Structures are given as C-alpha cells and as structure tokens.
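The values are calculated or read from the model by the stated rules, or taken from the named source; none is laboratory data. Because the structure is a prediction, the values reported are computed rather than measured. Every residue, glycine as well, gets a Cβ built from its backbone with ideal geometry; the counts of neighbours run over all protein chains shown. The area values use the complete protein model at the heavy-atom level, side chains included, leaving out ligands, DNA and RNA. Shrake-Rupley method; radii C 1.70, N 1.55, O 1.52, S 1.80 Å.
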Amino acid sequence: SNTPFFRFAFRRGFAYFRSMHSITDFFGLDKLAPEKARALSIVYAASLALMMGVNFIQPALPALTQPFQVSDAQLSWIMTLFTAPAIFLSPIFGVIADLYGRRLLLAYGLMVFGLFGGAMAFAPSYTWLLVFRTLQGVGFSAVIPLTIVLIGDLLEGDKEVSGQGLKVFLDRIGYFIFPPLGGLLATIAWFWPFVFYLLAIPLGLVALLYMPETKGKQKPPAANYLGDILRLTRHPRLMIAFTAGFLRFFLDYGFLTYFPLFLVRTHGISTATAGLLYVFFAIGAMATSSQAGRIATGRDKARILFLAFVVSGASVLAVPFIPNVWLIGSALFFYGLANGVISPMQKSLLTQNAPAELRGGIVSFDRLIQQVSKTTSTSIVGLLLVSTELPTIFWMLGILSFISVALMALLLPRGAKILPTPTTS
C-alpha cells in the first residue's frame, strides 16, 4: 500500500509549509525563530485586516443608497469618518504603545475594529451606520502604526527591510482580492461585506494570547517623552523619511486619483478599462517590494529612495506623452516598481533610526504627516484643475518629485556612508 508514503509526504509537506521557509527564503527572511515567524504572521494578518477598512468597502458603497435612502454624495462620509480619527488619535496611540506596550493595543484595537465593523451590518439607520464606522476608525487608528512598529521591533538590519517589503507585497495582493470580493458580497446583500469585519475579533484574541510584548526595555519618563520625540524628529535621516512619506502619498493620491479621469477624457476609454490598468501598478510594486531586503543589502536606503523617486517622477511625466493606452500601462508599471521600493525603504528608515522606546511615537508622527499629505494632495490638484489642463497636472507632479529629491539630498550629510543601525531593544 502507498498509504504510509502519502502519510509521510503529507507530514513533511505540512511541516515545510508551517516553517514558511519557501516564502521567507524568497523575501530574504530565512532562518527566523518560530516565535518571530508566528508574531510576524499576526502582524501581517492585522495589516491585511486593516486594508479591508477601505478597499473592501469602496465597491460596496453603491449598494447602500437604496436601503438607507441616501445620495451618492452622502456615501463619502463612510470614508471620511473612518480615516478622520487617525489624524488625531494615531499620535496618542503611538505614545501609549511606547509607554505602556504594543500587545494590548494591537489586540484591543483589532477587536474594536472588528466589533464595530460587524455592527454596521445591523445598523438600523444611516446615522447609526456612521457612528459605528467612526468607532471602527478608532480601532483602525490604534493598529495602523503598530503594523510598521512591530516589524521594526521583531527584525533588524536588512531582514527588517525584507519584513517591510513583505508587508507591502501582501498589501498589494489585497488590491487584487478585496475590491472584487467586497463588490461581489454587496450584490448578494448590502450588509455582507460588513459581516466579514467580525473576523478581526478572533485575530485580536490570537494577538492577545500569542503576540509577545516588544516595546523597549527602558521606559522613558512620561515628562521627557515628548521632548525626546521632538528632538529625534530633527534627525537628518528621519527628516528624509518624513519627507519621503509626505511626497509618496502626495504623488500617489494626486496621480492615481486623477489618472482614470485623464484617460477617460483624453483617450475616450471606459472607467473599467482605466481601472484595469492599475494591475500594471500592482504587479510592479509586488515585484520590487518582494525583494526589498536584497535591494537594500550593502546600500544606503536614503540613496535608494532618491533613485526610486526619480523613477516615479519620470513615470508620471511620461503619461501625457504616450499615445497608446496600453503603453501607458508600462508607465504605471515603472511607477509601481518605484513604489515597491519607496514604501519599505521609507518605513525602514523610520524604524531603524528610532530607538524602540520612541518608535511608536515616531511612526505615529509619520502617519500624521501622511494623513495631511493625502488631504492636501487631492485638494490642491482639484483646485489646479480649475485653471489648468489635466496633462499639466502630471507635469507638475513629476517636476515636484525631482525637486523633492534634490531637497532630500541636501539633508544627507556630504560624503555620508551607510550609517549604523541604532540599538532597538
């Protein structure tokens, strides 16, 4: 009988899958201790759960107009009230994470996110739906900076860059899965996408039981904490990271928000075709983010960032000059390649240049900068469209990328080599 052979093969195959060696080797995360691999799995699952807060619901929004008798304009509150708490609460939660610990904040944040997200499925009115959505945003605000902080706590050096790259890679996979799934569920009934938020509750319980506490061993005095954070924000490499974070989201929201409008107006294609082109962006980002650790090995992350922003700017500038719609996809592909480098490198600059006892505050400060960037980008570009043509917007964004690279380069000390990573625990 072949049964013993298949039983042996199944056991070996399952053990190999559990060890995650094939995946971690590919991302440059081989030979991780089982405890770290388990903790990282929880972090990545939390990151994907948070992605459901926006991408999962966006395609389902039209299904809410009839049952709640609301206009299309009123649907925007579902997004605004979800992200608005992060502007005010992310810095506070960052302080809590540094002073009192990451584990409980991660666990309870996920539970709040899942509980009030699931409660939206049973909302008796649109007002209650918005109340639950706002409370879900509070849970989102607590967890979103931790997904970056915890990777910095658990990994060091080039492995940390690989870990941030894997997070970006998985988030981009979410772009393929969540929007179609959310839209499909909404065709069955408007409330089904919200029911799926309840899955975050057991994930929070797993974090409560199995996530190790990773905050710095030295607890900074609360009275000195804010002063230490403010002094650290003037660190040249952290200033580069903050600037890169602002520029990245300014370009993303300005470029990717108005990109479909440009194609529809100038090339006469449908919105479905314009949306399909985003696949080129996702593929490019996944290609480079999966190899972020190898790209960073032996190189200065700040200089890698500079080169990636040059590629971003060139890609944005190229769009108005490319006559063929599908060739424009190549510009999106190169923009994605640069994005897949910028995101993990910027995150790594943050975590590796901040001590563990201040890391939560630094990452939360960066999140605040990013929220401001997202808000100002779409507003400024929208105002510019009143007085200029769409192609001009892409030229201005591309030139902004080049100018920002030059300004960031001035922050890097002349002749600077790769700096040693600060002790993180």
How much length would be gained if the chain were fully extended between Arg234 and His267, taking 0.36 nm per residue of separation minus their Cα-Cα distance, in nm to one decimal?
7.3 nm
Over the chain, with every protein chain in place, what whole percent of the accessible area is carbon and sulfur at 1.4 Å, could you tell me?
70 percent
What number, rounded to the nearest 500 deg cm²/dmol, is the helix-based mean residue ellipticity at 222 nm of the chain, given -39500 (n - 2.57) per DSSP H run of at least four residues and division by all its residues?
-25500 deg cm²/dmol
How large is the convex hull of the Cα atoms of the stretch 78-224 per residue, expressed in Å³ as a whole number?
123 Å³
A student applying the Cα gyration tensor rule (rounded when a/c is under 1.5; otherwise prolate if a/b is larger than b/c, oblate if not) would label the stretch 92-146 prolate
When N counts the residues of the chain, how does its alpha-carbon radius of gyration compare numerically with 2.2 N^0.38 Å, as a ratio?
1.00
Packing-ranked peptide list from 121-130, 310-319, highest mean Cβ count within 10 angstrom first, is 310-319, 121-130
Ordering of 228-239, 80-91 by packing [mean C-beta count within 10 Å, highest first]
80-91, 228-239
Can you tell me the dipole magnitude for the stretch 136-205 around its Cα centre, using point charges on the Cβ only (Lys, Arg +1; Asp, Glu -1), in Debye to the nearest 20?
260 debye
Please report, ordered by residue number, every helix of the chain (full DSSP H runs) that is 20 Å or longer along its axis going by C-alpha atoms and whose mean Kyte-Doolittle hydropathy reaches -1.0.
3-19, 34-51, 76-100, 103-119, 126-143, 157-188, 236-267, 301-318, 325-352, 359-387, 390-411
Put a dot 7 Å past each Cα toward the Cβ at Ala409 and Glu389; how far apart are the dots in nm?
3.1 nm
Given the Cα atoms of the stretch 30-111, and with Rh set as the inverse mean 1/r over their pairs in the Kirkwood sense, what is Rg to Rh to two decimals?
1.11
Non-local Lys pairs in the chain, i.e. 8 or more apart or on different chains, that have alpha carbons under 13 Å apart:
7
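Just order 338-350, 355-367 by mean Cβ neighbour count inside 10 Å, highest at the front, would you?
The peptides rank, most packed first, as 338-350, 355-367.
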Measuring with a 1.4 Å probe in the full set of protein chains, what accessible area per residue, in whole Å², belongs to the chain?
45 Å²
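Run the numbers on the chain and let me know its relative contact order in percent, using alpha-carbon pairs under 8 Å that are six or more apart.
24 percent
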